[in-house]
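The structure under discussion appears below in the form of structure tokens.
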Amino acid sequence: MTLSIRLSDADEKQLEQLARETGQSKEFHVHQFIRQGLEDIEDYNIAAEIAKRVRNGEEAVYSLAEVRKDLGLDD
């Protein structure tokens, strides 16, 4: 898929500087930004869903002390 975006002059300069400093292309960094952004959004959505289940009493919550005891880390 080809995608066209318009960057502000400041963002373009920052991207160009990053590309020069790393020796990687601007396209490489844009791909990385998109990939990381998509992963972050997925992580947020998972966390939001779990938080909703916790608030609704549908998800168990354990204290650190309980987890340490169950894993035998306090012995």
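Bear in mind these aren't lab numbers, they're just calculated from the coordinates by the rules spelled out. All values derive from a computational prediction rather than experimental measurement. Note that we place each Cβ from the backbone using ideal geometry, even for glycine, and neighbour counts take in every protein chain shown.
For this structure, a couple of remarks:
- Rg(Cα) / (2.2 N^0.38 Å) computed for the chain, rounded to two decimals: 1.87
- In straight-distance terms, cross-link reach from residue 13 covers every one of the aspartates and glutamates whose alpha-carbon lies under 16 Å from its own, apart from those fewer than eight places away in the same chain; here that gives 21, 27.
- Between residue 8 and residue 61, the modelled label-to-label distance comes to 3.8 nm, taking each label 7 Å out from Cα in the direction of the beta carbon.
- In degrees, nearest ten, helix 9-22 long axis to first principal axis of the chain (Cα): 80 degrees
- Of the residues 51, 8, 63, the one whose Cα sits farthest toward the positive end of the charge dipole of the chain, with +1 on the Cβ of Lys and Arg and -1 on the Cβ of Asp and Glu, is 8.
- Reach of residue 52 by Cα under 28 Å, taken over lysines that are not fewer than 8 positions away in the same chain: 69
- For the chain, the longest principal axis of the C-alpha atoms and the axis of helix 26-55 are separated by about 20°.
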